[in-house]
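Below is one structure, written out as structure tokens, with a few remarks after it.
The values are calculated or read from the model by the stated rules, or taken from the named source; none is laboratory data. On a predicted model such as this, the values are computed, not experimentally measured, just so you know. Neighbour counts are summed over all protein chains in view; Cβ atoms, including those assigned to glycine, are modelled from backbone coordinates with ideal geometry.
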Amino acid sequence: MMATKTPNPTDKHVGTRIRMRRLMLAMSQTALADGLDLTFQQIQKYEKGVNRVGASRLQQIAHILRVPVEFFFEGAPNVPGAKADAADAPSLAHVSEFLATPDGLILVAGFVKIRSAKLRRSIVDLVSYLAQSQDKQSQDK
């Protein structure tokens, strides 16, 4: 029986950033795959971090997604010279994963369109309240 290989944290981060940018452009996995002469299944593997993206392929992806290659490494774990604040690492990964979802992109896009700082603050307070209520309900069970 073969052991399941755990994706490298950097490969997973790069994949998450590829997915996030692709969704920001409302591009399908198939469209990205076609631009790279690959299958959409290969794009899925890249996005999950299961398969590592080679340097030349990453450069092609950056060109198609209209971002610099550095975009894929922003906030990546274990990058030499990166801010070594361990407290930020989990939250950055969590934020990137959330932004790589359709709900995350819709929520952020809608939130930034709200001009009233007071209304935005109220929304943040509401979400915080709901999260705390959910945590409390989970603890009570």
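Tabulated data for the structure shown
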read-out: Total residues in region 18-56, condition over 18 Å from Pro7 (Cα atoms) and of a type outside the set (A, V, I, L, M); value: 11
read-out: Within region 33-74, considering residues that are among the polar types (S, T, N, Q) and over 17 Å from the mean Cα position of the chain (by Cα), the one nearest to Val14 (Cα to Cα); value: Gln59
read-out: Filtered residues of region 29-74 (kept if on the phi > 0 side of the Ramachandran plot and either modelled with pLDDT of 95 or more or of a type in the set (Lys, Arg) (or both)); value: Asp37, Arg66
read-out: Helices (runs of 4 or more DSSP H) fully within region 17-74 counting 3 or more residues that are of a type outside the set (A, V, I, L, M, F, W, C) and buried (at least 16 other Cβ atoms within 10 Å of the Cβ); value: 40-48
read-out: Considering residues of region 75-103 that are exposed (fewer than 10 other Cβ atoms within 10 Å of the Cβ) and within 13 Å of the chain's Cα centre (by Cα) only, the residue modelled with the lowest pLDDT; value: Pro102
read-out: Residue in region 120-128 that is modelled with pLDDT under 90, among the charged types (D, E, K, R) and surrounded by 10 or more Cβ atoms within 10 Å (Cβ to Cβ) present; value: no
read-out: Qualifying residue in region 6-17 (condition: aliphatic (A, V, I, L, M) and in contact (Cβ under 8 Å) with a residue 60 or more places away in the chain); value: yes
